[in-house]
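**Student:** First, the structure itself, so that you have it in front of you.
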Amino acid sequence: CWGGSRSFEYALHQPGLNAAVVFYGTSPEDRTSYAKINAPILGLYGGDDARVNATIEPAAAELKAQGKTFEHEIYEGAGHGFVGSQADRNGANFRATERAWPRALAFLKKHL
């Protein structure tokens, strides 16, 4: 999550960035700073990650209001850090990884 949060924040501070992918990271709290974002952002989240997921909709609403691109997907049953814990949650983390990784690659191919 730390890396995902840093990806989101980097999009705030790097105007030349072409795309950012956030794996289960929180979005920045200062919603007014979103005006600095130029890059499209993809967020990939575990469904059982209430702390991180609480930041998704406020970010999505603000970015949409500013005309920014923020795609996101929540994988039901998957937990926080699902890529690093693929054997956990009776296969839900593995299934989330199987869907999230190709989605991330397709997003990057599209925008880079």
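The values are calculated or read from the model by the stated rules, or taken from the named source; none is laboratory data. Note that the coordinates shown come from a computational prediction; the quantities given were computed from them, not determined experimentally. Positions of Cβ are backbone-derived with ideal geometry, glycine not excepted, and every protein chain shown enters the neighbour counts. These area figures cover heavy atoms from the full protein model, side chains too; ligands, DNA and RNA do not enter into them. Shrake-Rupley method; radii C 1.70, N 1.55, O 1.52, S 1.80 Å.
**Student:** Which of the residues that make up the stretch 32-59 are open to solvent by 60 Å² or more (accessible area, probe 1.4 Å) and more than 27 Å from Gly16 (Cα to Cα)?
**Tutor:** Selection gives Asp48, Ala50, Arg51, Ala54.
**Student:** Residues to consider are Ala96, Ala65; find the one that is crowded, with 17+ Cβ neighbours inside 10 Å and at pLDDT 95 or above.
**Tutor:** Unique residue meeting the criteria: Ala96.
**Student:** When you check Tyr24 against the structure, is it surrounded by 19 or more Cβ atoms within 10 Å (Cβ to Cβ), closer than 18 Å to Leu108 by Cα and in contact with a Cys (Cβ under 9 Å, 6 or more places away or on another chain), yes or no?
**Tutor:** Here the answer is yes, as Tyr24 does meet what is asked.
**Student:** Considering each of Glu71, Glu76 in turn, give the residue that is within 13 Å of the chain's Cα centre (by Cα) and modelled with pLDDT of 95 or more.
**Tutor:** Glu71
**Student:** Would a scan of the stretch 3-14 turn up a residue that is more than 28 Å from Phe94 (Cα to Cα) and either assigned to a loop (DSSP other than H, G, I, E, B) or not hydrophobic (A, V, I, L, M, F, W, C) (or both)?
**Tutor:** Yes: one or more hits.
**Student:** Quick check on the stretch 15-32: of everything there that is at pLDDT below 95 and outside any loop (DSSP other than H, G, I, E, B), which residue is nearest to Asp49 (Cα to Cα)?
**Tutor:** Per the criteria, the residue is Arg31.
**Student:** Further question on the same structure: Tell me which of these Gly46 doesn't satisfy, since it passes every other one: (1) at pLDDT 95 or above; (2) over 30 Å from Asn90 (Cβ atoms); (3) out of contact with any Pro (no Cβ under 9 Å at 6 or more places or on another chain).
**Tutor:** Result: Gly46 fails condition (2) only.
**Student:** Something else about it: Out of Ala19, Ala35, I need the residue that is in contact with a Leu (Cβ under 7 Å, 6 or more places away or on another chain) and either touching a residue at least 24 places away in the same chain (Cβ under 8 Å) or aliphatic (A, V, I, L, M) (or both). Which one?
**Tutor:** Ala19
**Student:** Kindly provide the set of residues from the stretch 75-93 that are open to solvent by less than 70 Å² (accessible area, probe 1.4 Å) and either part of a helix (DSSP H, G or I) or of a type in the set (A, V, I, L, M, F, W, C) (or both), ordered by number.
**Tutor:** Ala78, Phe82, Val83, Gly91, Ala92, Asn93
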